[in-house]
1. For the structure I just gave you, tell me whether SER79 is under 21 Å from GLU30 (Cβ atoms) and among the small types (Gly, Ala, Ser).
2. Tell me, which residue of the range 87-103 that is surrounded by 15 or more Cβ atoms within 10 Å (Cβ to Cβ), under 17 Å from the mean Cα position of the chain (by Cα) and more than 15 Å from ALA42 (Cβ to Cβ) is modelled with the lowest pLDDT?
3. Quick one: in the range 144-160, which of the residues that are buried (at least 19 other Cβ atoms within 10 Å of the Cβ) and touching a Leu at 6+ places or on another chain (Cβ under 9 Å) is farthest from GLU58 (Cα to Cα)?
4. Working only within the range 76-86, note down all residues that are of a type in the set (Lys, Arg) and either under 25 Å from GLU186 (Cβ atoms) or surrounded by 12 or more Cβ atoms within 10 Å (Cβ to Cβ) (or both).
5. Given the structure, is ALA64 surrounded by 18 or more Cβ atoms within 10 Å (Cβ to Cβ) and either in a helix (DSSP H, G or I) or not polar (S, T, N, Q) (or both)?
6. Which of (1) of a type outside the set (A, V, I, L, M); (2) within 19 Å of the chain's Cα centre (by Cα); (3) surrounded by fewer than 19 Cβ atoms within 10 Å (Cβ to Cβ) is the odd one out, the single condition ASP34 does not satisfy?
7. Which condition from (1) in contact with a His (Cβ under 7 Å, 6 or more places away or on another chain); (2) at positive phi is the one that GLY11 breaks?
8. Would you be able to say whether some residue in the range 34-45 is among the aromatic types (Phe, Trp, Tyr) and over 23 Å from ASP164 (Cα atoms)?
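The values are calculated or read from the model by the stated rules, or taken from the named source; none is laboratory data. Everything numeric here is computed off the predicted structure, so don't read it as measured data. Note: ideal-geometry Cβ built from the backbone for every residue, glycine included; neighbour counts use all protein chains shown.
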Amino acid sequence: MEDNLQNTKLGLKLPTDPRWANLAEMELEEILTDHAYCEQKAATSCISLIQGYPDKVEMVEKLAPIVTEEWGHFRMVLSELKARKLNLGRQRKDLYVNRLLDYQTKGLSKEDVLLEKLLTCALIEARSCERFRLLSLYCSDEDLRKWYHKFMVAEAEHYRLFLDLAELYFGKERARNRWKEYLVAEAGIMKELPTRGDRMH
């Protein structure tokens with residue numbers, strides 16, 4: 001019941017099987033490596049939005065500290081790897097994110113592309129939040145559960161921020177209607193992708 005409530009708050013249509021957390025814990029070096037690069041890419045995405053739309057003053061002001069926070073998260077994951085005597089592996093293709101990017105409407109004006117980018121970011125943060133929550137609940141290692149809870153809280157805030165920005169610049173009705181379409185598409189993507197313990201998504 002609680003998991004369903006959490007997914008409702010995030011809007012996700014297809015919940016992750018809680019057993020994914022056990023798979024992830026069995027491949028800790030791999031999942032931490034993937035996590036590290038997710039944080040790095042999140043920082044890069046915010047920088048890209050700032051560079052592409054410097055005229056969106058409120059967005060720039062809101063995302064600037066997120067860049068710092070995401071990079072701080074990257075360093076936190078590196079520290080956790082080191083503490084556990086694990087190594088940062090190579091970055092792998094993120095099939096989930098690539099499928100979301102493929103779903104974005106093509107041929108739009110630069111202004112309208114921003115809506116697609118903001119909603120894609122919101123969705124990645126929402127799914128990450130859901131996955132971190134599972135890790136915070138079901139990891140056998142108590143320290144890991146507490147550690148992942150911090151990430152869950154941060155991702156929830158980021159998810160809401162991207163949605164708020166979408167509504168600010170494109171109006172609530174348009175942003176929410178397109179968001180509903182993204183949620184349906186994301187559920188389809190999740191259904192098709194294999195459940196892997198070495199990937200955050």
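1. On the way: under 21 Å from GLU30 (Cβ atoms): yes; among the small types (Gly, Ala, Ser): yes.
The answer is yes for SER79.
2. Out of the qualifying residues, it is LEU95.
3. Within the range 144-160, the first condition is being buried (at least 19 other Cβ atoms within 10 Å of the Cβ), and the residues that meet it are 144, 148, 151-152, 154-156, 158-159.
After this cut, where a residue has to be touching a Leu at 6+ places or on another chain (Cβ under 9 Å) as well, the list is 144, 148, 151-152, 156, 159.
Values: LEU144: 35, TYR148: 29, PHE151: 24, MET152: 24, ALA156: 20, TYR159: 16 Å.
Among those that are buried (at least 19 other Cβ atoms within 10 Å of the Cβ) and touching a Leu at 6+ places or on another chain (Cβ under 9 Å), it is LEU144.
4. Initially, the range 76-86 is screened for residues of a type in the set (Lys, Arg), giving 82, 84-85.
Across the range 76-86, the qualifying residue is only ARG84.
5. Numbers: surrounded by 18 or more Cβ atoms within 10 Å (Cβ to Cβ): no; either in a helix (DSSP H, G or I) or not polar (S, T, N, Q) (or both): yes.
For ALA64, the condition - surrounded by 18 or more Cβ atoms within 10 Å (Cβ to Cβ) and either in a helix (DSSP H, G or I) or not polar (S, T, N, Q) (or both) - is not met.
6. So the condition that ASP34 fails would be (3).
7. Of the numbered conditions (1) in contact with a His (Cβ under 7 Å, 6 or more places away or on another chain); (2) at positive phi, the odd one out for GLY11 is (1).
8. Narrowing the range 34-45 to residues among the aromatic types (Phe, Trp, Tyr): 37.
Keeping just the survivors that are over 23 Å from ASP164 (Cα atoms) gives 37.
Yes: one or more hits.
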